[in-house]
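Since the structure comes first, as structure tokens, the remarks are kept for the end.
The values are calculated or read from the model by the stated rules, or taken from the named source; none is laboratory data. If you're wondering where the values come from, they're calculated on a predicted model, not measured in any experiment. Here the Cβ positions follow ideal geometry from the backbone for every residue, glycine too, while neighbour counts run over all protein chains shown.
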């Protein structure tokens, strides 16, 4: 009953955001996101289709469309995998010195428990060929990306459970259960962050958890003042996590004890990011904060951007890239928060930004991928996935 009331309260809080976004803006389009591995950009379109793009030429003066490395999976004429809200994970089996071939792991919001027509909601796709290696069923819809620890693949579900599956050295073999599911106090939307063999994640039930990645036992839990949507940032023995109570928390990674709490102007939906010295966190109020490791503001005043920030920003060498729900991308100075450049991209941004060097890659809610060169302050290309 308590969990149900917590979920209802989150939905009530989300109604203004949903209304402001218009109809269909909470569909999966534009939430799924991007992942870079080497010179390959893997794109997961919201309806459940994966594309691999060669971005090796982007470092030069080229501004043409990227080369597609393989036919999108599933191919035209085949059913899509289902609604995807989390970025694809690129990784490989690793155990006892053995490393397998690279896979793309993708989870969907489908629920095999409730729909007899759905047989799987977790997929492993060969990263080189774009063919399916295996498909498995996880009870409950998945919002966040999977997390890979050695040969253990971990996913959180909207049933409030954390599942761990052991993948095999034979990349086509179905995974087996690694440990019993861990039950949180609410729906799990964020991907778990792994550090030193521990999984850190938050729930919509207002709790941050640290769980042993080997056996799924709880190490500690800490109740915060609001739902946790973004993944925690773990750095130098501290867990930094934003919540929907307008607060950013710094917790001891070993004990869960609170080190400090920082209050912002609105919800911290997007995950915080860091350059190793400063934490950068943005809110749904369109405010970007720079906070030192003791919880003090670094800039003389926070920076106001064009709209709500739901996508985690990205740190480049000297600047911070922030995308908003107002169809704008902003480049801010790390030293003082001053805006150095901005560009309109035509649609809202919900999925986390990724980068390579001084180039950033963004997918908007219409499923268009944008490649920007922050150093030259130009748009290199766009690629429609729909």
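Step by step: first the residues of the range 97-119, then only those that are under 14 Å from residue 82 (Cβ atoms) and surrounded by 17 or more Cβ atoms within 10 Å (Cβ to Cβ), then the one that is modelled with the lowest pLDDT. Which residue is that?
Among residues in the range 97-119 that are under 14 Å from residue 82 (Cβ atoms) and surrounded by 17 or more Cβ atoms within 10 Å (Cβ to Cβ), the one modelled with the lowest pLDDT is 112.
Where residues in the range 75-91 are under 16 Å from residue 131 (Cβ atoms) and modelled with pLDDT of 95 or more, which of them is surrounded by the most Cβ atoms within 10 Å (Cβ to Cβ)?
88
For the range 319-359, enumerate the residues that are more than 22 Å from residue 277 (Cβ to Cβ), touching a residue at least 60 places away in the same chain (Cβ under 8 Å) and outside any strand (DSSP E or B).
If the condition is that a residue be more than 22 Å from residue 277 (Cβ to Cβ), touching a residue at least 60 places away in the same chain (Cβ under 8 Å) and outside any strand (DSSP E or B), then 325, 347, 348, 350, 351 are the ones that fit.
Taking residue 300 as meeting all but one of (1) more than 23 Å from residue 243 (Cβ to Cβ); (2) under 22 Å from the mean Cα position of the chain (by Cα), write down the number of the exception.
(2)
Of all the strands (runs of 3 or more DSSP E) wholly in the range 145-238, which have at least 2 residues that are in contact with a strand residue (DSSP E or B) (Cβ under 7 Å, 6 or more places away or on another chain) and farther than 24 Å from residue 135 by Cβ?
Where strands (runs of 3 or more DSSP E) fall fully within the range 145-238 and carry at least 2 residues being in contact with a strand residue (DSSP E or B) (Cβ under 7 Å, 6 or more places away or on another chain) and farther than 24 Å from residue 135 by Cβ, they are 193-195, 198-202, 207-212, 218-223, 233-235.
For residue 247, work out the one condition from (1) more than 20 Å from the chain's Cα centre (by Cα); (2) surrounded by fewer than 20 Cβ atoms within 10 Å (Cβ to Cβ); (3) farther than 22 Å from residue 380 by Cα it doesn't fulfil.
(1)
Every residue, every condition in (1) surrounded by 16 or more Cβ atoms within 10 Å (Cβ to Cβ); (2) under 27 Å from residue 53 (Cα atoms), yes or no:
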{"position": "292", "(1), (2)": "no, no"}
{"position": "308", "(1), (2)": "yes, no"}
{"position": "337", "(1), (2)": "yes, no"}
{"position": "366", "(1), (2)": "no, yes"}
{"position": "375", "(1), (2)": "no, yes"}
